[in-house]
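Q: This is the structure, below, for whatever I ask next.
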Amino acid sequence: MDAGGATEAAAFEAVAVWARAAFALAGESGPRPFLRFQTKQNEFDLVTTADRAVERYLVAAIRERFPSHGILGEESGGLFEDRPWQWVIDPIDGTFNFLTGLPGSACSIALIHDREIRVGALADYASGAVFRARRGGGVVSDAPGWTWDPSVRRGPGRARLFLEFGTEGLDAEMLGALSQLAGIRPIVPRLVGSAAIALLAAALAGGSFIGIGLRLWDVAAGVLFAEEAGLAARWWFGEPPVVHVLVGERSDVDAFAPLVADLARRWEPSARRVLPDGST
Ligand SMILES: [Mg+2]
């Protein structure tokens, strides 16, 4: 095994431990309806004590185990460091769901090597299961009785179209895209509120995913899962760490791509749009 392969193998083992630790740390932060939280870009962009506790742990664990690697974390405000190995972490993707007691949140951990996502882990806070993927190695989980069957994705789940928008760019034009998408092929739309969970769902049971105005940490691990399931992924890159991404069966990706490219071009962050009372 070359040096890169050894690093990747070590990372694949490490993320199993780290993802499981995320459950304990998030749980210790307090009962969810009473978790302390603060707002970030707008009043619905939240960070809780659990987000901070999990990210602090992950950053410390990565620094200790892989001191030469770069880290991009949602809550650390870190910039993408130009290093060969780069971790991209989101302690809770779907914080709004997490805080308000809805399923649909995950701790997302990804390792990128030379711009390719190599290892991913998702800790699903609702089910308590950890899923891991390594490029070329499929998907594994510690969920009791769970087995990996990529052929399931060609069943009814394929009709689902998961949509995730960066809230600061969500406007009438973006929402109008739903009717345009439904005109391209029959869809069952789903707005989960966690790109990581949506991508995992598409990987495990089929579907397409369109993420506009997201951040790399929302999708890095999830896209690897989707690709390991045999789905195609297409990226558009905004001002780092903003990304737009389209995932699905190759023919569906080809069909949706022109519209998604257009949405990616038009996406423009504007915090004003999200305020419910029209004030700025
Ligand atoms: Mg988050």
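Q: Wholly within the range 65-133, which strands (runs of 3 or more DSSP E) include no fewer than the required count, namely at least 3 residues that are away from the ligand (no atom under 15 Å from the Cβ)? Walk me through how you get there before you give the answer.
A: Numbers: elements: 70-73, 85-93, 106-113, 116-124.
Fully inside the range 65-133 and qualifying: 106-113, 116-124.
Q: How many residues does the range 41-56 hold that are surrounded by 16 or more Cβ atoms within 10 Å (Cβ to Cβ) and either assigned to a loop (DSSP other than H, G, I, E, B) or away from the ligand (no atom under 14 Å from the Cβ) (or both)?
A: Total satisfying the criteria: 1.
Q: Also: Quick one: would you say residue 204 is of a type in the set (A, V, I, L, M) and closer than 20 Å to residue 124 by Cβ? I'd like the intermediate steps shown before the answer.
A: On the way: of a type in the set (A, V, I, L, M): yes; closer than 20 Å to residue 124 by Cβ: yes.
The answer is yes for residue 204.
Q: Still on this model: Which numbered condition trips up residue 252, out of (1) part of a helix (DSSP H, G or I); (2) modelled with pLDDT under 95; (3) over 30 Å from residue 85 (Cβ atoms)?
A: If we test residue 252 against (1) part of a helix (DSSP H, G or I); (2) modelled with pLDDT under 95; (3) over 30 Å from residue 85 (Cβ atoms), just (2) comes out false.
Q: When the range 1-31 is examined, which residues are found to be within 15 Å of the ligand (Cβ to nearest atom) and at pLDDT below 80? So that I can check it myself, show each step before the final result.
A: Filtering the range 1-31 down to residues within 15 Å of the ligand (Cβ to nearest atom) leaves 19, 22, 25-26, 29.
The one that is within 15 Å of the ligand (Cβ to nearest atom) and at pLDDT below 80: 29.
This table checks each residue for (1) in contact (Cβ under 8 Å) with a residue 60 or more places away in the chain; (2) surrounded by 14 or more Cβ atoms within 10 Å (Cβ to Cβ); (3) out of contact with any Leu (no Cβ under 9 Å at 6 or more places or on another chain).
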position	(1), (2), (3)
109	yes, yes, no
114	no, no, yes
118	yes, yes, no
125	yes, yes, yes
133	yes, yes, no
145	no, no, yes
148	no, yes, no
158	yes, yes, yes
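Q: Within the range 195-249, restricting attention to residues that are modelled with pLDDT of 95 or more and acidic (Asp, Glu), which residue is nearest to residue 102 (Cα to Cα)?
A: Top of the filtered list is 218.
The values are calculated or read from the model by the stated rules, or taken from the named source; none is laboratory data. Keep in mind that this is a model prediction, so the values were computed, not measured. Please note: Cβ atoms are built from the backbone with ideal geometry, for glycine as well, and neighbour counts cover all protein chains shown.
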